[in-house]
Amino acid sequence: MKSQITNLYCPSCHKKFSHTVLINLCQCGLPLLVNYDLQQAKKTLTKDSLFKRINSMWRYNEVLPVLDSLNIVTLGEGMTPLQPSVTIGKKFGIEKLFFKDESMNPTGSFKARGLAMAVSKAKELGVEKIIIPTAGNAGSALAAYCARANIKCKVIMPESTPDAFAIDVLYHGGEVEKVSGSIKDAGARVHDLVDAENWFAVSTLKEPYRIEGKKTMGYELAEQLDFVLPDVIIYPTGGGTGLIGMWKAFDEMEQLGWIDSHRPKMVSVQSEGCAPIVKAFNDDADNAELWENPTTHAAGLRVPGAIGDFLILDAIRKSGGTALAVSEDAISDGTKDMSRLEGIFPAPEGGASLAAFYELVKSEFIKPSDTVVIFNTGSGYKYLDVLKERI
Ligand SMILES: *Cc1c(COP(=O)(O)O)cnc(C)c1O
């Protein structure tokens, strides 16, 4: 059951790198992804083998990058429930509607998956201090896993970030620094501190392992739907790690013999106040332009530029999916409906996914026979100061 990691590779210039040394980006400046020997993995990572495995994302060990299980830093992330809709699906005539409820992860969001993986791998490679720019949830998750791994951590966040995110970082013993502007400005500050103070940065897709944690959402969906992937996946997109990660997982699972070549239509949801991916999708562009003055109360979607933009756009297009922006009021309504009609108290980003679902049913992009998965990526409890203004 050991990791079958072979190397890192650049999906853009195709250069290969070793996984045994610490690295951030490819020499060409773009993200690196992880390769595995899937033919080897296939021998032990069978569908039947899953019954006996640990009930967390670490069950997919062969296709995860950590070599020595003693380096795994875990709080039980992953294997979140796939909740069938009780009301909204029936109301709109979509009988097979599900919510992948990522609010059930440690630290209240799916960022736990990526940061558990990044911290575990950093521990394996001897890292002693880690820094991150965040819109909120990534900082919380990093701080919790660093506390568990006894690694020093520093979190740079925009001033506008909801209070909970700085509070839990401080409780976990991390340092917090606030900057004016968006996560982009936090990223620039991280860049300066990395050089000045020798931190290891785990910014979204500027480090190869967070995505390996996030991709487990794709494996779980397959398992939870008896190895028939849904027709449509609705995903609130900031940096796009989850979308790119699931897309990678689907290819891996096909090579493992778990699924066929059918792929879900990948739908990327953003806010009208910050929609660089939607604009690029509509403009038929391969890359997204930087979004000026990003504003949205869904903090995780306030990402004006994503380094993995070309990977997000490629996955959306190859899947026959789409990208759409929803208004702040629609996000609020989605957040309320998911709470009121389904009993799930979502992060506003999850509310945005539900708002997009409504649009896609109206435009008939979603058909009554479709199996649809809406991602609720985080917990509403982290956003109480924002949500109380919008009751
Ligand atoms: C970070 C975050 C997102 C965006 O995720 P990406 O994979 O970076 O696109 C969405 N929702 C919540 C709650 C987040 O914390």
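Can you give the relative contact order of the chain as a percent, counting alpha carbon pairs under 8 Å and 6+ residues apart?
18 percent
I need T46, T161 ordered by Cβ neighbour count within 10 Å, fewest first. Could you put the intermediate results ahead of the total?
Working: T46 12, T161 24.
Sorted ascending by nearby Cβ count, the order is T46, T161.
For the chain, compute Rg over Rh where Rg is the Cα radius of gyration and Rh is the Kirkwood radius from the inverse mean 1/r over Cα pairs.
Result for the chain is an Rg/Rh of 0.93.
Could you work out the relative contact order of the stretch 85-222, using alpha carbon pairs under 8 angstrom and six or more residues apart, expressed as a whole percent? Don't skip to the end; give the middle numbers.
Numbers: 215 pairs, mean separation 35.2, N = 138.
The normalised contact order for the stretch 85-222 reaches 25 percent.
Give the average over all directions of the projected area of the C-alpha convex hull of the stretch 208-263, one decimal, in nm².
Averaged projected hull area, Cα only: 3.8 nm².
What does the helix-only formula give at 222 nm for the chain: each DSSP H stretch with n ≥ 4 adding -39500 (n - 2.57), the total divided by the residues, and the result rounded to the nearest 500 deg cm²/dmol?
It lands at -11000 deg cm²/dmol.
Which residue, I151, I167, I72, has the most motion in a Gaussian network model of the chain that connects Cα atoms within less than 10 Å?
Largest GNM mean-square fluctuation: I167.
DSSP beta bridges in the chain, what fraction antiparallel, as a percent rounded to 5?
Numbers: 12 of 43 bridges.
So the antiparallel bridges in the chain amount to around 30 percent.
Can you list the lysines whose alpha carbon is less than 18 Å from that of K336, not counting same-chain residues fewer than 8 positions off?
Counting by Cα, and skipping residues close in sequence, K336 has these lysines nearby: K90, K91, K100, K382, K388.
Report the residue, chosen from T335, T296, T107, that carries the largest GNM mean-square fluctuation when the chain is represented by alpha-carbon nodes joined by springs under 10 Å.
Maximum fluctuation in the GNM of the chain, among the listed residues, is at T296.
Subtract the Cα-Cα distance of T295 and E177 from 0.36 nm times their separation in residues, and report this length gain in nm to one decimal.
Numbers: separation 118, 0.36 × 118 = 42.48 nm, distance 2.05 nm.
Length gained, T295 through E177: 40.4 nm.
As a quick test, which of the pairs K152/K279; K15/K129; K16/K123 have an alpha carbon distance above 32 angstrom in this structure?
Values: K152/K279 38 Å; K15/K129 28 Å; K16/K123 22 Å.
Where the Cα-Cα span goes over 32 Å, the pairs concerned are K152/K279.
By count of other Cβ within 10 Å, fewest leading, how are F310, F227, F165 ordered? Walk me through the numbers before you get to the answer.
Values: F310 20, F227 13, F165 25.
So the ranking, lowest neighbour count to highest, is F227, F310, F165.
So what is the relative contact order of the stretch 52-127, in percent, for Cα pairs below 8 Å that sit 6 or more residues apart?
The normalised contact order for the stretch 52-127 reaches 35 percent.
Every number in this text was worked out from the coordinates using simple rules, so none of it is lab data. This structure is a prediction, so every number in the text was calculated from the model and none was measured. Glycine also receives a Cβ, built like all others from the backbone with ideal geometry; neighbour counts cover every protein chain displayed.
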